[in-house]
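The numbers here are math on the coordinates, done by the rules we state, and not lab data. A quick note: this is a predicted structure, and the numbers were derived from the prediction, not measured. A quick note on method: Cβ atoms are made from the backbone with ideal geometry, for glycine too, and the neighbour counts reach across all protein chains shown.
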Amino acid sequence: MRNPIFSVYGLRNARHLCHWPMRNRVFNSGSVTSVPFRCLRPRSSTRDTDLYSLNKKISHLIRNDRICDARALFDSTNNRNTVTWNSMISGYVQRREIAKARKLFDELPKRDVVSWNLMISGYVSCGGSRYIEEARDLFNRMPGRDCVSWNTMISGYAKNGRMDEALRLFNCMPERNVISWNAMITGFLHNGDVLRAIEFFERMSERDAASLSALVSGLIQNGELDKAARVLTEFGNKDEARADLVHAYNTLIAGYGQKGRVEEARHFFDQIPFYLDRGKQGNGKFQRNVVSWNSMIMCYVKEGDIASARELFDLTTEKDTFSWNTMISGYVHLSNMEEASKLFGEMPNPDTLSWNTMISGFMEIGSLTLANDFFERMPQKNLVSWNSMIAGYEKNEDYKGAVKLFSQMLREGEKPDRHTLSSVLSVCTGLVDLHLGMQIHQLVAKTVTPDVPINNALITMYSRCGAINHARTIFDYFKLQKNVISWNAMIGGYASHGFSEEALEVFKLMTRLKVQPTYITFISVLNACAHAGLVEEGRKQFKSMYSEYGMEPQVEHYAAFVDIVGRHGQLEEAMALINTMPCKPDRAVWGALLGACRVHYNAELARVAAEALMRLEPESSAPYVLLYNMYADVGQWDDAAEVRMMMEKNNIIKQPAYSRLDSSHC
C-alpha cells in the first residue's frame, strides 16, 4: 500500500508537502517515506564521513529488501545519528513490521520531525481503527508538527471513513497546502460524498492538475461521469498547468468507455490536441499521449467497433505494446484470426500476452494445429500459455491432447495452478476416467487450496465417473464453499445416475437455504422426476419455475416435462403441451414423445412425432427405425412396410450399432 500522503497526488507534488530544510524533508519511496542521504553529505569530519557511509549502506540494503542485513549493520555500531535510526524505522514501516519500528522509535535517543512522521505514516498505512488511534496518540504527543503530520492524519481518517475527524483536523491546521485540500477531496470521494468533494474543490484558492485529476477519477469511481465531465470542462481551461491535464482527460475517456458511452469518450478525446508534425510536439504542451490513444482504441474495441479502432490505431504515431495487444485482442474477440495474424506479424516486439492472445483465439475457433504452432514457437511461455492450451484442448474435446500437454508441462517444471487443475479435471470428466481423476484430486490436495471452481470440477468429475458417494463427500465437506453450480452438479449427478430421491432431497435443501436455482437446476430436477415417475412433483416443479422464481421454461424443460407425463401414459396432455409451447419443439421434445408412444403403443401420435423428427433431421435413420419398430410391436405390418419404403425412397441408411471399449485398461 502506498503512503497515504502520496496515494493520489504522485511524487511530483511532494514539493508541496511543506517548505522544510532539505535535511528534514520526507520523500516517497514507493510505499512509505524514506530519508534522502545524498542531501546530508558532511564536509569535513571523519566521524561524519563514516556516518554518511553507514547510513547509505543501510538505505541500500533496505531498498534491496535485505532488512535483516540492514539491522545487523545497524546493531554492529554505536556510531549512529538520527538519520541512522530513521532509516531503520523506515525499513520496518515499509515492510509493515510496525511493532519493530515502534520499538526502535521508543529507543531513539533524539527524535526529529521525520521520526514522528515515519511512525504516524506507518500506523496509518496499516489501516484499522486501532492503528489510527496509535497514530493519533503520536500526533498529539509531537513536540512540533509540520504539514506532513497533519496531511498524513487527515488521509488516515479519510481512508477509514472517519471524515468528521478528518474535517476537524483540517479546520485546525495552522497552514494548509494543496495536498491538504486534495486529501479532503479524495476522502469525501472515497466515502461517496460527491457534493462535499466538489464543494471543497471549488473552495480551493490554489489547485494543481493532480487536484483536478483526483476529483475527476473519484467522480468516475462514484459513477458520476457527467459531473466529472462538467468539472473537467469548467475548470480544465482555467488550470495554468494545462499540460498536466491530459491524465484527467484520459481518465474520463476510459470511464466513458467502461460504461459503453463511446460518443462522449470520443468528444473528450477530440478535445485533446494532436500534432501530426513531430516538430510541433513538446513536453510542455497539452496534447494526446499514448494513453489517450490506447484509451480511445480500447473504447471502440469493447464496443466491437473494430473499424473505428483500427482507424485510430493506424493514425497514431505513438504505438506501444499495449496498443498492439488491444487491437489484436479486438480481432480475436470477433474471431477474425486472419486480421489478428496479420497484425501480429507486423508487431515489432510481441510479448507473452500477444502470443497467449493468439493461442486463445485459435483455440476459440477450433484451430488446434495453429494454436499449437504458436505455442511451440513462443520465445517464452508462462503459466497462462499452458493453461490456454490445456483449456483449449478440453473445450475442443481433444482430451488425450490435453493430458499429453499437461504431462509435458509437469516434466518441464511448470507448476499448475487452480485454473490448470480445473481444466484437467474437466478433461477427466470428458474421458470418464476415474483413475486419472483421482490422481488429479491428489495433486490438487498437495499443490493448491481448493476454491469453489475446483470443488465443482471435482463433484462433476466424480459424478460423471459414477463415484457418486465421493462426489457427495466433497459436496458435504465444503459447507461454506458452494455456489449454485455446486448444487447443480450434485443434483445433476444424482439425477443422471437414477438417484431421483437423493436429487430431490438435495434440491429441497437448496431451496431451504435460500440458494436461487437456475435453469440448469430445473433440468436436473425434472429429469429426476421423470426417472422416478413422479408426475405430480414434476408438474409442481415445472409450474414453480414461473410462479416462484420468475423463470420462463426453455425448450429443455418442456422436453423433460413431456418425458414425465409421457412415461406415465398421459400422451394427450404431452401433445397438448407441445402444441402450446412458446418456443419451437426440438428433437429432444419430439424424441421424448416418440419414446413414450412406443412404451404405451400409441401408433397415431408416434407417427406425428416421427414425422416431426424426420423434418428436423432429414438424414437421420433414428425416427424411421423407431416408428418401424413401433408398428412392428403392435402388428401393423403394412404401416411398417410403408416406413421401410420411405427410407429407401429418401436414401436413408440405418447406421450400424457399435460398442465402445476403453483400450487403456486392456
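Under Stokes-Einstein, with the Kirkwood radius over Cα pairs standing in for Rh, what whole-number D in µm²/s applies to region 538-588 at 10 °C and 1.306 mPa s?
For these conditions, the coefficient is 142 µm²/s.
Divide by every residue of the chain the summed helix terms, -39500 (n - 2.57) for each DSSP H run of at least 4, and state the resulting mean residue ellipticity at 222 nm, rounded to the nearest 500 deg cm²/dmol.
Values: 36 runs with 444 residues, N = 666.
Per the formula, -21000 deg cm²/dmol.
For the chain, find the longest principal axis of its Cα atoms and tell me its angle to the long axis of helix 290-302, 0 to 90°, nearest 10.
20 degrees
Please state, as a whole number in µm²/s, the translational diffusion coefficient that the Stokes-Einstein equation yields for region 71-173 at 10 °C and 1.306 mPa s, with Rh defined as the Kirkwood radius across alpha carbon pairs.
Approximately 113 µm²/s, per Stokes-Einstein.
On each of the three principal axes of the Cα atoms of region 381-479, give max minus min coordinate, whole Å, ordered largest first.
38, 25, 19
In whole angstrom, note down how far apart the Cα centers of region 194-225 and region 508-581 are.
Answer, in whole Å: 55.
What's the Kirkwood radius of region 483-553 in Å, using all Cα pairs?
Hydrodynamic radius (Kirkwood, Cα only) of region 483-553 equals 11.7 Å.
Starting from one equal scatterer on each C-alpha and no solvent at all, send me the Debye-based log10 I(q)/I(0) for region 556-656 at q = 0.11 Å⁻¹, two decimals.
With no solvent term, the Cα-only Debye profile gives -0.31.
Return one number: the angle in degrees, 0 to 90 and rounded to the nearest 10, between the long axis of the Cα atoms of helix 246-258 and the longest principal axis of the Cα atoms of the chain.
Taking the Cα atoms of the chain, the angle to 246-258 is about 20 degrees.
Which loop-located GluC sites (Glu not before Pro) does region 333-365 contain, where loop means any DSSP state but H, G, I, E or B and the Cβ has at most 13 other Cβ atoms within 10 Å?
none
Helix 622-633 versus the longest principal axis of the chain: what angle, 0 to 90°, nearest 10, using Cα atoms?
Compared with the principal axis, the helix lies near 40 degrees.
Check each of the chymotrypsin sites (Phe, Trp or Tyr not before Pro) in region 547-636 and keep only those in coil by DSSP with at most 13 other C-beta atoms within 10 angstrom; list them in order. Working shown, then result.
Working: sites: Tyr549, Tyr558, Phe561, Trp590, Tyr601, Tyr624, Tyr628, Tyr631; in loops: Tyr549, Tyr601.
Here the sparse-neighbourhood loop sites are Tyr601.
Which trypsin sites (Lys or Arg not before Pro) in region 396-495 pass both tests, a DSSP loop state and at most 13 other beta-carbon atoms within 10 Å?
Taking region 396-495 and a limit of 13 other Cβ atoms within 10 Å, the loop trypsin sites (Lys or Arg not before Pro) found are Lys479.
Find the Cα radius of gyration of the chain, compare it with 2.2 N^0.38 Å by division, and give the number to two decimals.
That works out to 1.34 for the chain.
Using Cα-Cα distances under 8 Å and only pairs 6 or more residues apart, what relative contact order does the chain have, in percent?
Working: 872 pairs, mean separation 29.5, N = 666.
Result for the chain is 4 percent.
In whole Å, what are the Cα extents of region 268-416 along the three principal axes, biggest one first?
Taking max minus min along each principal axis of the Cα atoms, region 268-416 gives 58, 29, 22 Å.
Taking only the alpha-carbon positions of region 91-148 and ignoring solvent, what does the Debye formula give for the base-10 log of I(q)/I(0) at q = 0.17 Å⁻¹?
Debye intensities relative to I(0), on a log10 scale: -0.49.
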